[in-house]
1. Which is touching a residue at least 60 places away in the same chain (Cβ under 8 Å), open to solvent by 10 Å² or more (accessible area, probe 1.4 Å) and hydroxyl-bearing (Ser, Thr, Tyr), of 360, 374?
2. For residue 188, work out the one condition from (1) at negative phi; (2) of a type outside the set (Lys, Arg); (3) open to solvent by less than 10 Å² (accessible area, probe 1.4 Å); (4) in contact with a strand residue (DSSP E or B) (Cβ under 9 Å, 6 or more places away or on another chain) it doesn't fulfil.
3. Would you check if there is a residue in segment 279-296 being within 16 Å of residue 390 (Cα to Cα) and buried (at least 23 other Cβ atoms within 10 Å of the Cβ)?
4. How many residues, within segment 74-97, are in contact with a strand residue (DSSP E or B) (Cβ under 6 Å, 6 or more places away or on another chain) and among the aliphatic types (A, V, I, L, M)?
5. Scan segment 138-150 residue by residue and report those that are closer than 15 Å to residue 77 by Cβ and either assigned to a helix (DSSP H, G or I) or of a type in the set (Val, Ile, Thr) (or both).
6. Being under 23 Å from residue 105 (Cβ atoms), touching a helix residue (DSSP H, G or I) at 6+ places or on another chain (Cβ under 8 Å) and not in a helix (DSSP H, G or I), is that true of even one residue in segment 163-185?
7. Please state which of the following conditions residue 153 fails to meet, knowing it meets all the rest: (1) charged (D, E, K, R); (2) buried (at least 19 other Cβ atoms within 10 Å of the Cβ); (3) not in a helix (DSSP H, G or I).
8. Of everything in segment 224-241 that's out of contact with any Ser or Thr (no Cβ under 8 Å at 6 or more places or on another chain) and surrounded by fewer than 19 Cβ atoms within 10 Å (Cβ to Cβ), which residue is farthest from residue 416 (Cα to Cα)?
Amino acid sequence: MQRRTAILLLLGAASETAVARRLTPGDDDFLEDLCHRAFRFFLEQTDPHTGLVFDRARADGSRVPGASRHVASIAATGFGLTALAIGAARGWMERARAVDLVRAALRFFAGDATHEHGWFFHFLDVGTGRRVWRCEVSSIDTALLLAGALAARQALDDAEISQLVQRIWERLDFAWMRNGDPLLLSHGWNPERGFLPGRWDRYSELPILYMLGIGSPGRPMPPQSWYAWKRPPVHFDGFSYVGDASLFTHQYPQAWLDLRGLRDGPPSGIDYFANSVKATRAHRAFCLGLSRQFPKSYSKNVWGITASDSVKGYLGWGGPPADPAIDGTVVPCAPGGSLMFAPDICLPALRSMRERFGETVYGRYGFCDAFNPTTGWIGPDVLGIDAGITLLSAENLRGGGVWRWFMRNPEIRNALRLAGFHGTGARR
């Protein structure tokens, strides 16, 4: 891919038109360094035999202590499968090694991993693949795993990888995960308690799950399921968009789904890419409003709060609306995951964080998960999902690679058609 590529972006307001943003040499050098470091997490924190990716690691590359020491996340593994494809495409690793690692993971999930009607447990022992923490069989985390595999399938163009992905996807029983509902999927299932009470019934990271269901080559979802979930409106500081959850819910689905220039059908008719641009800009404005309360933490070029570690543990915070848990913590993957949406505000934020706080927050794998300039707290860990969303979003900004690979899957293009998406789309 050509460096300093012109990237086509669709801005948020309906009156705004597509504009080209050209990365400066300094931008591109920064992204190369940040992305290579994030990629290193997946290269070093992947078990070579199971292909599973650790949920987290210390920022210096060492193992976390205690109960988390051997824990892998299937969502982090999904990001990792795509990260390996990025690494091979950018020359950071040999393609043959990337193929070997992706094959190992997919062989494990196709043949050895415990599953329930094709769905996998959220957290696994990285070496044995056994369930840990009495966790749930997770519908959304299985979807993120599969999305990562589908991108790798097209990027690496390997016959065995393609066959394994197909086997995993065809086995997913979407009707079972609906648990009696004609259209809406459950959050998951627990062997001890049965189905979880929650359903994917309002805007969140669910678009990737429903698209995989509608496009399933085995047991597909009804296309009407796309329109069965709520789209709560948000109005903040002049911005209007749908989706009142944390910023990562806008980022995760579109790390793979290329929705630029597309809208779904009535009654929603939403351009989800432009919607996420608005959500990113509104979130920055929200953080600037918090600067009155936390002047050491938030400013024009230091901002971002999304689900992350904190001094009190892992929190699903964000905003708007205001979250009472907010304490001045800054989460780099908030702007990092939105690089593909709004680079004009996200790139300066990340560059400013590195310049202002240096090695205290920026290390072997890029940024630590979170830090608090108000209190001086610095999170000791890097999380796979947060390094992953930053890497994938940056890759889409730099050349659209992940979007291009994922959208080559004919089942995904068919799912968009069945769900009534229309428009010119972006160049693929």
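1. Numbers: 360 fails: touching a residue at least 60 places away in the same chain (Cβ under 8 Å).
Matching residue, one of 360, 374: 374.
2. Answer for residue 188: the failing condition is (1).
3. yes
4. Filtering segment 74-97 down to residues in contact with a strand residue (DSSP E or B) (Cβ under 6 Å, 6 or more places away or on another chain) leaves 74, 76-77, 80.
The next check asks that each one be among the aliphatic types (A, V, I, L, M); those that pass are 74, 76.
Of the residues in segment 74-97, 2 are in contact with a strand residue (DSSP E or B) (Cβ under 6 Å, 6 or more places away or on another chain) and among the aliphatic types (A, V, I, L, M).
5. Of everything in segment 138-150, those that are closer than 15 Å to residue 77 by Cβ and either assigned to a helix (DSSP H, G or I) or of a type in the set (Val, Ile, Thr) (or both) turn out to be 140, 141, 142, 143, 144, 145, 146, 147, 148, 149, 150.
6. Yes, segment 163-185 has at least one match.
7. Looking at each condition in turn, residue 153 falls short on (3).
8. Selected residue: 237.
The values are calculated or read from the model by the stated rules, or taken from the named source; none is laboratory data. Since the structure is predicted, the reported quantities are computational estimates derived from the model, not experimental observations. Every residue, glycine among them, receives a Cβ derived from its backbone with ideal geometry; neighbour counts consider all protein chains shown. Heads up: the accessible areas ignore ligands, DNA and RNA and are worked out on the full protein's heavy atoms, side chains in. Shrake-Rupley method; radii C 1.70, N 1.55, O 1.52, S 1.80 Å.
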